[in-house]
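Data block below; observations after.
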Amino acid sequence: MSKIVILTGAGISAESGIETFRAEDGLWAQHRVEDVATPEGFMRNPELVVDFYNARRAQAAEVEPNAAHRALARLEAEHEGEVIVITQNVDDLHERGGTQKLYHMHGHLKGALCATCDHRWPAPMVMAPGDACPACAAPAARPDIVWFGEMPYDMETLFEHLSGADIFAAIGTSGNVYPAAGFVAEARGAGAHTIEFNLERSAVGSQFAEHRTGPASQTVTQWVSELLGK
Ligand code: APR
């Protein structure tokens, strides 16, 4: 029974209507990363950062999972072996699409974090700078998002999953950001078959044994049908 480990990026949510980061009109064309996705940016201008994530939280609530999210949930439900989804995305489309075993390695929009005591709680739809932490009352609430320069979540567990993968798939990620971009090397080193789903070769595309080019809603759905033999 093969263990399948899947890494997803912004491209899997693109067809749901959420813009990616590095497309011409993407998020990083509209905002400076250092202003809205770093701890320094948050210290400098917490209002700008909190508003940036309020807007993304509102947008994520307006859109729906697409066929690719649903196909991964079907794979997890029907495949005999273990299926693990690791997402770089902070939207909740995998959860709403039905995936259970899911790791948000870059955090998630639905979470709030206390910068003082590390307490986590469900984020309100609209956060404001200086919101009080419900545990320690410090005015230190921040979005529970992993910013550049911070350590992604669950890394030890993720590397354990990668070392046991028989199949590693990367869906809709440009391979620009580590440690996620290094997962294919880990999986190959463990003997996994590696497959990339994208509209074009990613920055680490040459490291994949197989490529399926096209919109994830089509290519991932087709792949899952093949794996499940129906
Ligand atoms: N189907 C498949 N792939 C797609 C689709 C689609 N419909 N639309 C876009 N893509 C691909 C693009 O070709 C690109 O390779 O998705 C990828 C999106 O790349 P990025 O915008 O760089 O997003 P991602 O790889 O998830 O970024 C990683 O960078 O900014 C940080 O923390 C942020 O988690 C993010 C990380």
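Kindly indicate whether Gly111 is open to solvent by less than 20 Å² (accessible area, probe 1.4 Å), on the phi > 0 side of the Ramachandran plot and modelled with pLDDT of 95 or more. For Gly111, the condition - open to solvent by less than 20 Å² (accessible area, probe 1.4 Å), on the phi > 0 side of the Ramachandran plot and modelled with pLDDT of 95 or more - is not met. Considering only the stretch 1-29, state which residues are within 6 Å of the ligand (Cβ to nearest atom), in contact with a Phe, Trp or Tyr (Cβ under 8 Å, 6 or more places away or on another chain) and more than 19 Å from Arg70 (Cβ to Cβ). Phe21, Arg22 - these are the residues of the stretch 1-29 that are within 6 Å of the ligand (Cβ to nearest atom), in contact with a Phe, Trp or Tyr (Cβ under 8 Å, 6 or more places away or on another chain) and more than 19 Å from Arg70 (Cβ to Cβ).
When the stretch 138-152 is examined, which residues are found to be exposed (fewer than 12 other Cβ atoms within 10 Å of the Cβ) and either aliphatic (A, V, I, L, M) or away from the ligand (no atom under 16 Å from the Cβ) (or both)? Spell out how you get there, then give the answer.
Residues of the stretch 138-152 exposed (fewer than 12 other Cβ atoms within 10 Å of the Cβ): 149, 151.
Met151 - this is the single residue of the stretch 138-152 that is exposed (fewer than 12 other Cβ atoms within 10 Å of the Cβ) and either aliphatic (A, V, I, L, M) or away from the ligand (no atom under 16 Å from the Cβ) (or both).
Checking each residue in the stretch 52-76 for being closer than 30 Å to Phe168 by Cβ, surrounded by fewer than 16 Cβ atoms within 10 Å (Cβ to Cβ) and not acidic (Asp, Glu) picks out Gln59, Val63. Ala55 satisfies every condition listed in (1) touching a residue at least 40 places away in the same chain (Cβ under 8 Å); (2) over 30 Å from His193 (Cβ atoms) except (1). Scanning the stretch 171-230 for residues that are among the polar types (S, T, N, Q), open to solvent by 70 Å² or more (accessible area, probe 1.4 Å) and either within 8 Å of the ligand (Cβ to nearest atom) or touching a residue at least 60 places away in the same chain (Cβ under 8 Å) (or both) yields Asn176, Gln218.
Do we have any residue at all in the stretch 147-155 that's assigned to a helix (DSSP H, G or I) and among the hydrophobic types (A, V, I, L, M, F, W, C)? Yes. With respect to the stated conditions, Val90 is within 15 Å of the ligand (Cβ to nearest atom) and in a loop (DSSP other than H, G, I, E, B).
I need a count of the residues in the stretch 24-51 that are open to solvent by less than 40 Å² (accessible area, probe 1.4 Å) and either part of a loop (DSSP other than H, G, I, E, B) or more than 22 Å from Arg142 (Cα to Cα) (or both). Talk me through it step by step, then tell me what you get.
Step one: list which residues in the stretch 24-51 are open to solvent by less than 40 Å² (accessible area, probe 1.4 Å), which gives 26-27, 33, 35-39, 41-42, 49-50.
Subset that is either part of a loop (DSSP other than H, G, I, E, B) or more than 22 Å from Arg142 (Cα to Cα) (or both): 26, 37-38.
The number of residues fulfilling the criteria is 3.
The number of residues in the stretch 121-137 being modelled with pLDDT of 95 or more and surrounded by 15 or more Cβ atoms within 10 Å (Cβ to Cβ) comes to 4.
Is it fair to say Val83 is β-branched (Val, Ile, Thr), over 28 Å from His161 (Cβ atoms) and in contact (Cβ under 8 Å) with a residue 40 or more places away in the chain?
no
Against the criterion of being under 18 Å from the mean Cα position of the chain (by Cα), among the aromatic types (Phe, Trp, Tyr) and surrounded by fewer than 21 Cβ atoms within 10 Å (Cβ to Cβ), Phe159 qualifies.
The values are calculated or read from the model by the stated rules, or taken from the named source; none is laboratory data. Quantities reported herein were computed from a predicted structural model and do not represent experimental measurements. Cβ: placed from backbone, ideal geometry, glycine included. Neighbour counts: every protein chain shown. Note: areas computed on protein heavy atoms with side chains; ligands, DNA, RNA excluded. Shrake-Rupley method; radii C 1.70, N 1.55, O 1.52, S 1.80 Å.
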